[in-house]
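Remarks on the structure that follows.
Taken together, the values in this text are just the output of simple stated rules run on the coordinates, not laboratory data. No experiment lies behind these values; they were computed from the predicted model shown. Virtual Cβ from ideal backbone geometry, glycine too; neighbours counted across all protein chains shown.
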Amino acid sequence: MISDDLIPAEEICSLYKVERTFISSLYESGLIEIVTVERKEYLPCNHLRNFEKLMRLHKDLNINVEGLEVIHHLLDQVQKLQKQNVRLRNRLSLYES
């Protein structure tokens with residue numbers, strides 16, 4: 001992984017005004033990925049959108065990490081069902097034409 005694709009965890013804390021323990025809790029729950037390089041922790045850029053979503057839910061709606069885990073799981077299920085729905089509609093359209 002190229003270092004340009006990584007954001008230091010400390011920088012995320014100061015930018016988003018969150019405590020380091022919040023990022024650690026998200027990592028321990030498996031909600032985000034943390035990469036350690038030379039004893040420094042980084043968040044991959046492709047996980048930033050997910051982190052921002054979780055952080056907003058936590059701050060704006062005062063949802064704890066356990067609640068974030070449930071929400072994340074349910075959103076994953078919805079996304080899978082939407083993909084399955086598209087596949088089934090595509091298959092159905094083959095028989096309708």
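Filter region 61-97 for residues that are closer than 16 Å to residue 26 by Cα and either in contact with a helix residue (DSSP H, G or I) (Cβ under 6 Å, 6 or more places away or on another chain) or of a type in the set (Gly, Ala, Ser) (or both) and give the result. 63, 65, 67, 68, listed by residue number.
Condition first: under 13 Å from the mean Cα position of the chain (by Cα), free of Cβ contacts under 8 Å to residues at least 40 places away in the same chain and not in a helix (DSSP H, G or I). Now tell me which residues in region 1-54 satisfy that. The answer is 30, 32, 33, 34, 43.
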